[in-house]
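Take a look at the structure below.
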Amino acid sequence: NMKNGSSEDNHLGRKVIAVERYFYKRPNPNVIMIGRFQGVISEEQLKAAISKVRKRHPLLNARIRQEKNGDAYFITESVGEPWVQVIDFDSIGVDDLLGRAVKELRTRHSTEHGPLIRFVLFRTQNGFDLLVNSHHMICDGLSLYYLIRDIFVHLSTPDRKIVPLPEPVIVENNLPPSATLKNYYNKLILRFNKSWAKKGIIFDEADDIRLHDKFWKMEEGLNITHWNLSERQTSSLIQRCRKENISVHSALCTAFLLAQIEVQGKEPYLRNISMPVSIRNRLAAPVGEAFGLYFSSFKIKFKRPKEKSFWANALAVHEHIQQQITDKNVFTVYMQLKDLHPTLVDSISFTRYGELEDKLAKRLLRLEGDYTLNTGLDLSNLGVLEMPDNRGLLILKDIIGPCCYNEFQEKYLGVVTLGKMYFTVTYREPVVSKSVVESLKKVAMKHLGEAVGW
């Protein structure tokens, strides 16, 4: 339960759980989504709508307090209004928005002062675009869509009452019985914690700022590419996938696997696709539309597609994914992090970028495995989302995102389906060029088009 508290108070609010902790000290924890709208609003109307959704989603009001023992809590005491910047344009194009999204990916949220979310409103004479930039500790891709939709609802119907959501059960207390770890791993964690606790290492906000600045000096050249299918193309793809008994996600994986081989060659890492998986309905008690971090991610290694027909390849991909997506695999990362000492989880980022020299932290980093480019694509498909009521004066036209950046994944592809299917790729130019990303888009869409018959 998040509540106000003083430093003498033992229960400052809800404790930050380990998977949130994983993003707490990362230098690149931002997730961005942009809603594009037709219609006119004022800054006051937007702020009033944001104020209402803050009552529905408590994490929008949070900052982090870290205790002397390293435990961290979400607290709401002394947290200001979210930062809202308003920019007026005669006209604005997608490239302008993508350029700002790149800048926002590099912008640091102060976890100590909060809030962990910020907004940019771009206005033209007959439309507006709302960019939401949130710290990954408090959100996932679906959370950002629900938030944009809720803001839209309160802008469209200002008299509408706020519907607070029931407080979700904390994920770590809500794991399904099938989420287990091998016994040797539990023993290893106990040994790690015992050795680590003696060191008394803790990272403060000054350490975070130093790490953030160092990271973004190294990681220049971010870029984002965005496109969409038409409504007709989208519905024909969904219908054909149903007919073939495979998921749209499997068809997208197949199209991009084939495109990567054709455009980029046979490098082994290109056969690895990372998949964020929503855990909202996999938990013992589902969390519905709560705003928070409710996803898991794991990497699947695919064989090179060998069949002549796209759908035969897609079926093989689909079956491989289904075998891998078990509760045990989905919750492995939760189980591995759950009992680790909190500041040992923090040490992963500081060790990775040379800000901490410690044998134990290095060993953990090796176990965790992410210290070199190892994945061709992270395919974050939010699925078919429910369109808000578009019959009023305001109309939601387009969604860009989710955008986020992970240096161990060559390309991050966010896919959202709202009538049309929207694709947004975040990548870094020194690693993969814009022309390669454009070719991948072209070839992947050609495979889908030929398979569906656009």
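Values in this text are rule-based calculations from the coordinates and carry no lab data. Not measured: the values here are computed from a predicted model. Cβ coordinates were reconstructed from backbone atoms using ideal geometry, including for glycine residues, and neighbour counts include every protein chain displayed.
Some observations on this one:
- Computed over the Cα atoms of segment 20-91, the ratio of the radius of gyration to the Kirkwood radius (Rg/Rh) comes to 1.05.
- Where only C-alpha atoms are counted, convex hull volume of segment 14-161 per residue in Å³: 108 Å³
- Counted by neighbouring Cβ atoms within 10 Å, the residues Y294, Y185, Y334 run from fewest to most as Y185, Y334, Y294.
- Coarse-grained scattering of the chain at q = 0.08, 0.13 Å⁻¹, given as base-10 log I(q)/I(0) from a Debye sum over alpha-carbon atoms: -0.47, -1.31
- Distribution of pairwise C-alpha distances over segment 271-417, 5 Å bins, in %: 2, 7, 12, 16, 18, 16, 12, 8, 5, 3, 1, 0, 0
- Remark: segment 218-275 is approximated by an ellipsoid whose semi-axes, taken from the C-alpha gyration tensor as √(5λ), come to 26, 17, 10 Å, largest first.
- Ranked by the mean number of other Cβ atoms within 10 Å of their residues, highest first, the peptides 408-416, 190-198 come out as 408-416, 190-198.
- Convex hull per residue volume in Å³, alpha carbons only, for segment 106-231: 273 Å³
- Rel. contact order, % - alpha carbon contacts under 8 angstrom, at least six apart, the chain: 23 percent
- Over segment 184-303, the fraction of Cα-Cα pairs per 5 Å bin, rounded to whole percents and listed from the shortest bin up, is 2, 7, 8, 9, 13, 18, 15, 11, 8, 5, 3, 1, 0.
- Rg to Rh quotient for segment 252-291, alpha carbon positions, Kirkwood Rh: 1.27
- Cross-link reach list, lysines versus K420, counting only Cα pairs under 21 Å and skipping chain neighbours closer than eight places: K243, K397, K441, K442, K446
- Fewest neighbouring Cβ atoms within 10 Å first, the residues E319, E77 line up as E319, E77.
- Under 17 Å from the Cα of K47 - aspartates and glutamates, other chains or at least 8 residues apart: E81, D88, D129, D150, D159
- Proximal aspartates and glutamates to K306, defined as alpha-carbon separation beneath 19 angstrom and excluding residues fewer than eight positions away on the same chain: E244, E262, E267, E319, E450
- Least to most buried among S274, S435 (fewest other Cβ within 10 Å first): S435, S274
- Segment 284-335 - Debye-derived log10 I(q)/I(0), Cα point model, q = 0.22, 0.30 Å⁻¹: -0.88, -1.19
- The alpha carbons of segment 315-367 give a radius of gyration and a Dmax of 15.6, 47 Å, in that order.
- In terms of overall dimensions, segment 394-443 has a Cα radius of gyration and Dmax of 12.5, 40 angstrom.
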